[in-house]
Amino acid sequence: MCGSQKTNMIELSKSFHSWVPEWLIRLILFSCLMPSMMLFFLPGINSNATAGYYGCQPNDAQFLIVLFYAGFVGFYILERRFFLFFPIKTYYILFHGLQILNCILMYCITDINWVFPLRFIQGMLFASAVNLSMSMIFSRIESSRAKVTSYSVFFGLLLVSSPFNNLVFASFLDDINFKQLYAFSGFSFLPGLFMIVLFMKNFRHVRPYPLYSLDWPSFIFYGGIFISIGYMAVYGQERYWFSDEQIRLCLLVILLFFFLFKFRQKHLKRMYIKLDVFKSRRFWMGILVLYIMYIERFSIQLSNQHFSTIFGLDPEHLSYLSIFDIAGIIIGVSLAGIWTLKNVPVKYIWITGFTFLFLFHYLMFFRFENTGNETLYWTPLIAHGIGTGLIMVPAILFVISTVKEIYSISAAAICLAVRFLGFTSSIAIINYFELGHKSKHFQVFRDHLTADNPVIRQELRSRAYMLAEKGLMTNPDKAGIKTFYQEVMKQAQIRTGMDYYEYMMILSVLMILIILLFPAMKNRYEKWREVKVSPV
């Protein structure tokens, strides 16, 4: 670490009054992160409730999450200029105030077209919260043990943010108006804001770097690429991909902005992202592990759809199953931190993680049934959490350690972008299986279940008779056909989930083989102990 960086980190650690205990400082810093993390997956707690409130489609609620993520990814680099310009206390107060204002606007606005840009701005403000809070945390630690612990806590919180939101807020939606979630979110910023005002000194950690020559064009190109990718992932399958004009326009924007961004980077004195990070084979290996892990991480969405559509669980009871995923993540992140500190080779940590993800998909493959006991599902859900928790922190530390220290910020930005691409890829793949692959299974079932089949005729008569016995006097035959149709759709849903999880098992095995066969995979622990690890 160079001398100026050490000086800056030392000065950062002096931002609080000397009488404030260390445990309270850590609590304050993480309390400033948690409200923004809660906002991340808030629209996805109950997609139907979100769609009903805004008068939109459920996939629009999915796009709201994508926009938040795109704002986080796109603004991460540019945000550092604001971080260097404002005094720390002023900066905390500024983005807390903007987040509260944003929540007020989200509370008042019901037009989805206005909510889209607000969600992108929320993601930008989240980048500010993460960069500042994590920089403050790392400025207060010296040992590698504390560094790994802080990283594990932060990424553990990030991994559990989605299931934790489901667990906490799903039951509220049955009792309150949807918009009140944003009121609660706005109030959740107040404790952190109050503690910052009370305990932090009005201290400038570095000489202010004027806010001129901000690289807004690179931000627009970079952010526009991710918004377009997210839009294609969410709506592509529904609109038959490139047969739709808007999807073709998104592809054109991606290609145009990519070449403009790359051309601009070659002619800038201070590059937005230093593209030299891609010269290392180990860097490519690390981001591949991270990308595949994120695809497999969000495969749990298909399990949640199975629980809700096949078993009929409402969002509140579905959220209770999140406890097992949260428990698994805590176990996985803790084990990853312990093994990292004990110098366990990173390849063995990754292999163990993908083995647990394989176990999750394998167990769920045989549990896709019409009926089921909820006690059968805690084991695969815990395995899923352990797998993702084991891979996340070691992968990011490995990626950042493969590049020179001057490239660490760019490497962290690429890690963030790869996680976004993994998230959106999982959306696109699941949408394909839900909208495209399921229809193929339904067509196969329909071809075999014809009205001239005596077994089918008997089944329809039995259903009509049962409905008439229960008091349905009007058109029991049509009602019987409808219930039979619903059963066929359930079978198509089950078969779709089994196919998807079969592919995920193959993907896990392939990743284990790639990690085993990858040459010159070293621990590189000594390097990341010495360098200044970037916050994200």
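The values are calculated or read from the model by the stated rules, or taken from the named source; none is laboratory data. Just so you know, these numbers come straight off a predicted model, no measurement behind them. Using ideal geometry, Cβ is built from the backbone for each residue, glycine included, and neighbour counts are taken over all protein chains shown. What goes into the accessible areas is simple: the full protein's heavy atoms, side chains included, and nothing from ligands, DNA or RNA. Shrake-Rupley method; radii C 1.70, N 1.55, O 1.52, S 1.80 Å.
A few points about this structure:
- Residues that are among the hydrophobic types (A, V, I, L, M, F, W, C), in a helix (DSSP H, G or I) and within 18 Å of the chain's Cα centre (by Cα) within region 290-310 comprise 290, 292, 293, 295, 300, 302, listed in sequence order.
- Residue pairs meeting the criteria (Cβ under 8 Å; at least 6 apart or on separate chains; first in a helix (DSSP H, G or I), in region 268-281; second modelled with pLDDT of 80 or more and among the basic types (Lys, Arg)): 275/262
- Looking across region 161-183 at every residue that is among the hydroxyl-bearing types (Ser, Thr, Tyr) and in a helix (DSSP H, G or I), the one that is surrounded by the most Cβ atoms within 10 Å (Cβ to Cβ) is identified as 162.
- Where residue 93 falls short, out of the listed (1) open to solvent by 40 Å² or more (accessible area, probe 1.4 Å); (2) part of a helix (DSSP H, G or I); (3) within 29 Å of residue 318 (Cβ to Cβ); (4) of a type in the set (Val, Ile, Thr): (3)
- The one condition in (1) touching a helix residue (DSSP H, G or I) at 6+ places or on another chain (Cβ under 7 Å); (2) open to solvent by 20 Å² or more (accessible area, probe 1.4 Å); (3) in contact (Cβ under 8 Å) with a residue 60 or more places away in the chain; (4) closer than 21 Å to residue 196 by Cα that residue 98 fails to fulfil: (3)
- With respect to being under 28 Å from residue 280 (Cα atoms) and modelled with pLDDT of 85 or more, residue 359 falls outside the description.
- Taking region 184-222 as the range and being open to solvent by 60 Å² or more (accessible area, probe 1.4 Å) and modelled with pLDDT of 70 or more as the test, the residues that pass are 184, 187, 190, 191, 194, 197, 198, 201, 202, 213, 216, 220.
- Enumeration of residues in region 274-289 that are of a type in the set (Val, Ile, Thr) and over 21 Å from the mean Cα position of the chain (by Cα): 277
- Scanning region 311-336 for residues that are closer than 11 Å to residue 383 by Cα and either open to solvent by 10 Å² or more (accessible area, probe 1.4 Å) or over 19 Å from the mean Cα position of the chain (by Cα) (or both) yields 324, 325, 326, 327, 331.
- Condition met for residue 238 (surrounded by 12 or more Cβ atoms within 10 Å (Cβ to Cβ) and acidic (Asp, Glu)): yes
- Any chance residue 158 is at pLDDT below 80 and either part of a helix (DSSP H, G or I) or open to solvent by 20 Å² or more (accessible area, probe 1.4 Å) (or both): no
- All positions within region 254-263 that are touching a helix residue (DSSP H, G or I) at 6+ places or on another chain (Cβ under 8 Å) and surrounded by 13 or more Cβ atoms within 10 Å (Cβ to Cβ): 254, 257, 258, 260, 261
- Here the condition is being open to solvent by 10 Å² or more (accessible area, probe 1.4 Å), out of contact with any Phe, Trp or Tyr (no Cβ under 6 Å at 6 or more places or on another chain), among the β-branched types (Val, Ile, Thr) and at pLDDT 85 or above; of 414, 382, 386, 409, it holds for 414 alone.
- Residue, most open to solvent (accessible area, probe 1.4 Å), within region 264-286, restricted to residues that are closer than 17 Å to residue 81 by Cβ and not aliphatic (A, V, I, L, M): 269
- Here is the figure for region 50-90: residues that are among the polar types (S, T, N, Q), in contact (Cβ under 8 Å) with a residue 40 or more places away in the chain and open to solvent by 30 Å² or more (accessible area, probe 1.4 Å) total 2.
- Filtering region 34-91 to residues that are aromatic (Phe, Trp, Tyr) and under 20 Å from the mean Cα position of the chain (by Cα) leaves 40, 41, 63, 68, 69, 72, 75, 76.
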